[in-house]
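Below is one structure; the comments refer to it alone.
The values are calculated or read from the model by the stated rules, or taken from the named source; none is laboratory data. Here the structure is a predicted model, which means the values were calculated and not measured. When we count neighbours, we look across all protein chains shown, and the Cβ atoms used for this are built from the backbone with ideal geometry, even at glycine.
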Amino acid sequence: MTDLSVYKGDITELSVGAIVNAANSALAGGSGVDGAIHRAGGPAIVADCKAVIARRGPCEPGDAVVTGAGELPAGIVIHTVGPIWTSDAADEHDKTLAKCYGAALDLALKHRAKEVAFPNISTGAYGFPKPRAAVVAINAILDWLENNAAHDLNEIVFVCFDDENHELYESLLGW
Ligand code: AR6
């Protein structure tokens, strides 16, 4: 059984197998959770991101890639690129956002992380409506768990930094 939990706070402080970053296509760092991860992780993460981009080129929305965690207490960082919200392509953005969560969990499994902490991808600078993103995120994770019965993940943490997301996840998950 995999525990699903909700944590309110800063993802960079978590000592878990993998934390997920809401990155951009160039893995260039930025604001929000990406900025916090790059600041706290230090130059090793920047170097790893540059090496990933040199090897494979820019990441598409929905892709996920792995780097080391530099000075962070986490084991690895999984960078995924969420969709930039526009109301005219809402269904497509739902699918891309769900793909982020699934791709990140695939990599967590591959790298033998036992716990994975997710931020609320796309709900900051990328403007995805928070209530809609929370439903997509939870369903994507439940689908992945159902379709990957042989995994050995112990815990998936929804890390909520702002009050609105925290309240949404607590109410959707029934706590
Ligand atoms: N720990 C956990 N969650 C956080 C933290 C933190 N330290 N800081 C912010 N959040 P955003 P996006 C939450 O903007 O919408 C960047 O510039 C925040 O409250 O970080 O996917 C990238 O480089 C929000 O709910 O990511 C991209 O260009 C959530 O993280 C772009 O922003 C996501 O907000 C990605 O935009």
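Only one entry in Glu92, Glu71 is in a loop (DSSP other than H, G, I, E, B), over 13 Å from the mean Cα position of the chain (by Cα) and among the acidic types (Asp, Glu), namely Glu71.
Taken together, the residues in segment 47-59 that are away from the ligand (no atom under 12 Å from the Cβ) and in a helix (DSSP H, G or I) amount to 9.
If you go through segment 110-120 and pick out every residue that is in a loop (DSSP other than H, G, I, E, B) and buried (at least 17 other Cβ atoms within 10 Å of the Cβ), you end up with 3. Just give me the residues in segment 136-162 being buried (at least 19 other Cβ atoms within 10 Å of the Cβ) and assigned to a helix (DSSP H, G or I), in sequence order. The answer is Val136, Ala137, Ala140, Ile141, Trp144.
Residues that are in a helix (DSSP H, G or I), in contact with a His (Cβ under 7 Å, 6 or more places away or on another chain) and crowded, with 22+ Cβ neighbours inside 10 Å do occur in segment 31-46, at least one of them. Among the residues of segment 28-47, those identified as farther than 16 Å from Ala18 by Cβ and touching a residue at least 40 places away in the same chain (Cβ under 8 Å) are Gly30, Ser31, Gly32.
Being closer than 21 Å to Val16 by Cβ, within 13 Å of the ligand (Cβ to nearest atom) and part of a loop (DSSP other than H, G, I, E, B) is a property that Asn165 lacks.
Remark: Gly62 matches the filter, which requires a residue to be touching a Pro at 6+ places or on another chain (Cβ under 9 Å), crowded, with 16+ Cβ neighbours inside 10 Å, at pLDDT 95 or above and part of a loop (DSSP other than H, G, I, E, B). Among the residues of segment 118-175, those identified as of a type in the set (Phe, Trp, Tyr), modelled with pLDDT of 95 or more and over 12 Å from the mean Cα position of the chain (by Cα) are Tyr126, Phe128, Trp144, Phe161, Tyr169. Among the residues of segment 74-89, the one identified as part of a loop (DSSP other than H, G, I, E, B) and more than 14 Å from the ligand (Cβ to nearest atom) is Gly75. Look at (1) more than 13 Å from the ligand (Cβ to nearest atom); (2) outside any loop (DSSP other than H, G, I, E, B); (3) over 15 Å from the mean Cα position of the chain (by Cα) and you find that Ala103 fails only one, number (3).
Among the residues making up segment 1-28, those that are within 6 Å of the ligand (Cβ to nearest atom) and either modelled with pLDDT under 95 or not in a strand (DSSP E or B) (or both) are Asp10, Ile11, Thr12, Asn24. The one condition from (1) within 27 Å of Glu146 (Cβ to Cβ); (2) in contact with a Gly (Cβ under 8 Å, 6 or more places away or on another chain) that Ile78 does not meet is (2). Looking only at residues in segment 121-135 that are of a type outside the set (Phe, Trp, Tyr) and surrounded by fewer than 21 Cβ atoms within 10 Å (Cβ to Cβ), which one is farthest from the ligand (Cβ to nearest atom)? Per the criteria, the residue is Val135.
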